[in-house]
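Please read the structure below before turning to the comments.
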Amino acid sequence: MHVTPHHGVAHASQWIGPVEFVSSTPQDACDHIIALSLASEGRHVHLANAYTVALADESPDYRATLAAPALNFPDGKPIGWLSKLRRHSPRLRQVRGPQLFLDVFDQGRFHGIKHFLLGSTPEVLSALQRELTVKFPGIKIVGLESPPFRALTTAEHRDQDARIEATGAQIVWVGLGTPKQDVEAHRIADGLPVVAIAIGAAFDFAAGTLRSAPAWMTRCGLEWTFRFAHEPRRLWKRYVFGNARFIKAALVNSGARRSDDD
């Protein structure tokens with residue numbers, strides 16, 4: 001176990017392969033993000049899963065993106081299962097990105113948190129803003145932006161950052177798909193005093209444009225099978241090759257980056 005201080009509070013962390021995960025409950029994760037957003041300093045947060053670990057195992061650049069001071073919460077049952085198998089204490093527990101997204105909007109409105117939504121399509125963002133506003137009256141969504149589906153130039157990044165900064169946003173939610181969203185969250189937090197959160201498919205779930213798995217499948221760790229059944233062409237490589245790489249990274253290389261562990 002490794003203990004990392006954040007704003008005077010000690011947060012236990014555990015290594016799964018090359019990724020360091022924060023040990024947290026869903027409520028603690030929500031509280032932590034709200035506290036960081038009120039502190040007005042740049043931090044990047046990632047909802048990481050088995051696929052994240054697999055990608056980090058094969059890419060040094062991606063490992064650097066997820067390295068401290070990044071906060072990586074375990075968005076995936078297999079992370080928790082492996083932590084339990086290793087008898088970690090405290091054990092890593094799942095913090096589901098889609099639920100964390102809603103929790104921060106809900107609880108953050110009482111602090112006047114300003115949110116910026118970056119990613120997806122204009123249609124999804126419009127539906128998302130409408131749904132969130134109805135669900136959580138009083139929230140402050142200060143900006144929406146759907147960037148082009150290509151790499152942005154340096155000038156385009158600079159202009160995008162200026163637009164974000166001009167809104168006074170405290171949290172930037174980045175939904176661009178893994179690993180692009182993680183890289184972008186890192187880049188934004190390095191340049192702006194915001195909490196940039198790589199949030200995955202939460203935009204589509206909250207907007208109602210993508211069906212969520214039944215609660216029982218989520219509880220049993222079968223959410224991935226539901227998603228795979230609905231998007232097989234897009235996700236088959238992630239689950240076939242990604243899961244194999246995750247097992248190799250998590251088990252074979254389990255001690256490679258845990259120099260501070262017991």
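Quick look at the numbers
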item	result
Amide proton proximity set for LYS140, modelled H, under 5 Å, gap of 5+	HIS115
Highest to lowest packing among 84-97, 152-165, 14-27, scored as the average C-beta count within 10 Å	14-27, 84-97, 152-165
Segment 34-39 - phi-based ³J(HN,Hα) in whole Hz, Karplus 6.51/-1.76/1.60, Gly and Pro as x	4, 4, 5, 5, 6, 7
Anisotropy class of segment 58-120 from Cα gyration tensor, a/c 1.5 cut	oblate
For segment 97-108, 3J(HN,Hα) per residue [Karplus equation, 6.51 cos²θ - 1.76 cosθ + 1.60, θ = phi - 60°, Hz, x = Gly/Pro]	x, x, 6, 4, 3, 5, 4, 5, 5, 4, 7, x
For ASN72, residues with placed amide H under 5 Å, excluding near neighbours	VAL22, HIS46
Proportion of all alpha-carbon pairs of segment 35-77 beyond 13 Å (%)	58
Of LYS114/LYS180; LYS84/LYS114; LYS180/LYS248, those spanning more than 27 Å from alpha-carbon to alpha-carbon	LYS84/LYS114
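Just so you know, all these numbers are worked out from the coordinates, no wet-lab data involved. This is a predicted model, so every value here is computed, not measured. When we count neighbours, we look across all protein chains shown, and the Cβ atoms used for this are built from the backbone with ideal geometry, even at glycine.
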